[in-house]
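This report concerns only the one structure given below.
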Amino acid sequence: AFEGGEGGEGGESRPVWVESESFNIGKISVPLGVMGAMQKGVRYELHMPIPERVKNLMEDYEHLEKAPAATKDLIMRLARHQSKKQIAEWMAFIDANDGPALVESLLVNHYDPAYGRSHSKLSEKHRPRRVEIELKG
């Protein structure tokens, strides 16, 4: 969250909640003023157990299980970041129609480490105040 300057009635400041993003989201750039405010604001880190995250992601991305060829194409985009062995494991999960194993492995072996590296760099540069929150399933 970050405090939004002149907001609401009477000019009071109100928190604005945003999901952490990089400067670019696809082909769209986050305005520098918004990014600066995000970097200076309090960072709330939510932690959820892997099984719950897998369950939620399986619901959100159920269409990928129904399109294995498209899912494989998406996985191949990660080939420059991952070993051939890791890519082969993910392809095997797709071939076995084991979406939960694929999602868990993507979280543990790709997404979480990449996210951690990105936020570690930001934290070193901006040193935001952090509040960690554990979510239970």
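List of remarks:
- Qualifying residue in segment 40-53 (condition: under 30 Å from ASP98 (Cβ atoms), open to solvent by 60 Å² or more (accessible area, probe 1.4 Å), out of contact with any strand residue (DSSP E or B) (no Cβ under 9 Å at 6 or more places or on another chain) and assigned to a helix (DSSP H, G or I)): yes
- Under the condition of being open to solvent by 70 Å² or more (accessible area, probe 1.4 Å) and closer than 24 Å to VAL103 by Cβ, the residues counted in segment 22-39 number 2.
- Residue check for SER123: at pLDDT below 95 and either open to solvent by less than 70 Å² (accessible area, probe 1.4 Å) or in contact with a Phe, Trp or Tyr (Cβ under 8 Å, 6 or more places away or on another chain) (or both): yes
- Complete set of residues in segment 20-37 that are touching a residue at least 12 places away in the same chain (Cβ under 8 Å), among the small types (Gly, Ala, Ser) and under 20 Å from ALA114 (Cα atoms): SER20, SER22
The values are calculated or read from the model by the stated rules, or taken from the named source; none is laboratory data. Just so it is clear, the model here is predicted, and its values are computed rather than measured. Every residue, glycine among them, receives a Cβ derived from its backbone with ideal geometry; neighbour counts consider all protein chains shown. Side chains are part of the model used for accessible areas, which takes the heavy atoms of the whole protein and leaves out ligands, DNA and RNA. Shrake-Rupley method; radii C 1.70, N 1.55, O 1.52, S 1.80 Å.
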